[in-house]
Structure formats: C-alpha cells, structure tokens
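The values are calculated or read from the model by the stated rules, or taken from the named source; none is laboratory data. Keep in mind it's a predicted model, so treat the numbers as computed, not measured. Neighbour counts are summed over all protein chains in view; Cβ atoms, including those assigned to glycine, are modelled from backbone coordinates with ideal geometry. Just so you know, the surface numbers come from the protein's heavy atoms only, side chains and all, with ligands and any DNA or RNA stripped out. Shrake-Rupley method; radii C 1.70, N 1.55, O 1.52, S 1.80 Å.
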Amino acid sequence: MIAVGVFGAVVGGAVFAAIIAAIGLGAYHELSRMTPRIGLGYHIGWPGYGVVFAGAALALVSRDSWTIAAMVAVAVLLPTLMIFRMEISAESFATWVATLAAGAYIGFPVFAAVALRRTTGDLDVAWASDLGDAFSPGETSMALGMAWTMLAILATWLADTFALFVGRAIG
C-alpha cells in the first residue's frame, strides 16, 4: 500500500487525487459499516461519500482560496439532503450529525492531501527538483508539493510502524 501512495505522490495530479479519493472512500465505507456494530445505533448516510469525493475533486480543480469555502459548503449541504428523506426523530438527527461529522472527518484530510501535493515551488536538491518538475503540468514546478507529500507519507508510515512495535512490546 505504501508503494501505491509513493507512486501517486510522485506522479501527482489526477492520479494522486484518484488514489487519495479511493483511500478516503474506502475509509468512509469502513466507518459507515463500523458505527452500528460498536453500538452507536445508527447508520452513517450516503452523502458522506460525496463529501469525500468532493474533497479530492475540489483540491484538484483549483488552488484558489474559494475551494476551502466550497469544501465547507459541500460538507454541510450534502448531508443536509438526507433530511428530506428522513422521518423526524432523535435517531434521524443523530444519523444526520454522524454523517456530517464522518464526511468532514475523512473529506477534509482528503482535500488537504491533494492540495498539499499541488503546492508549487522548487527544491534545492537537484534530483528531487528534476523529479518533481518531470511530473508538473506546464511551467509551474510542483516539486515542493511532491516533497511535502512524500514527507507526510514517510512520517505516517514510520509512526504506524513504531506504534505497532510498541504495542507488541507493551501488549
């Protein structure tokens, strides 16, 4: 799985956005199946999938500041569509809140990952800068975004590995 993330981080663009969206959609699906099993008593609704997908799509479309406002609007408005198909009850409200929270919980990191990869700038390390430039569209170098994304993937992988070993040692 690390190889897929590294490949996507190097290539960037729509490939990286698709990989991150697929990971986010899988995470949302897993969360939606988990909530009834752990005793929360309600199901997370379908609009959360749209919030996660919109996170990747909005960050891919533009680097302008309006995309953050659009992401907030999508994260609130898509789950609100559920209200029109639900009966009025405390459980329906809990389902709506859980859907909104879960969509934002997964959708915003998806948005941030794709936006981070699209960060423009050059690096002082020639080979990394050349690699980033090779996969940057047009004249704008996205080598800095590639480096920051690779650092995030490496830090996450190391932290997960460390947690695994500490967990096994301590029990």
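Summary table
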item	result
Segment 1-114: relative contact order in percent, alpha carbon pairs under 8 Å with at least 6 residues between	35 percent
Positive dipole terminus of segment 59-131, leading residue within Met82, Ala102, Ser129 (C-beta point charges)	Met82
Crossing angle, helix 2-11 versus the chain [Cα axis fit, 0-90 degrees, rounded to tens]	60 degrees
Prolate/oblate/rounded call for the chain, Cα gyration tensor, a/c under 1.5 rounded	oblate
Carbon/sulfur fraction of accessible area - the chain, other protein chains in place, 1.4 Å, %	72 percent
0 to 90° range, to nearest 10: angle between helix 66-80 axis and the chain longest Cα axis	20 degrees
Mean Cβ count within 10 Å, highest first, over the residues of peptides 104-117, 4-17	104-117, 4-17
Rounded to 10°, Cα long-axis angle of helix 13-37 versus longest principal axis of the chain	30 degrees
Packing rank of 74-81, 55-62, 31-38, where each peptide gets the mean count of other beta carbons within 10 Å, highest leading	55-62, 74-81, 31-38
Probe 1.4 Å - accessible area at Ile23, Å² to nearest ten	80 Å²
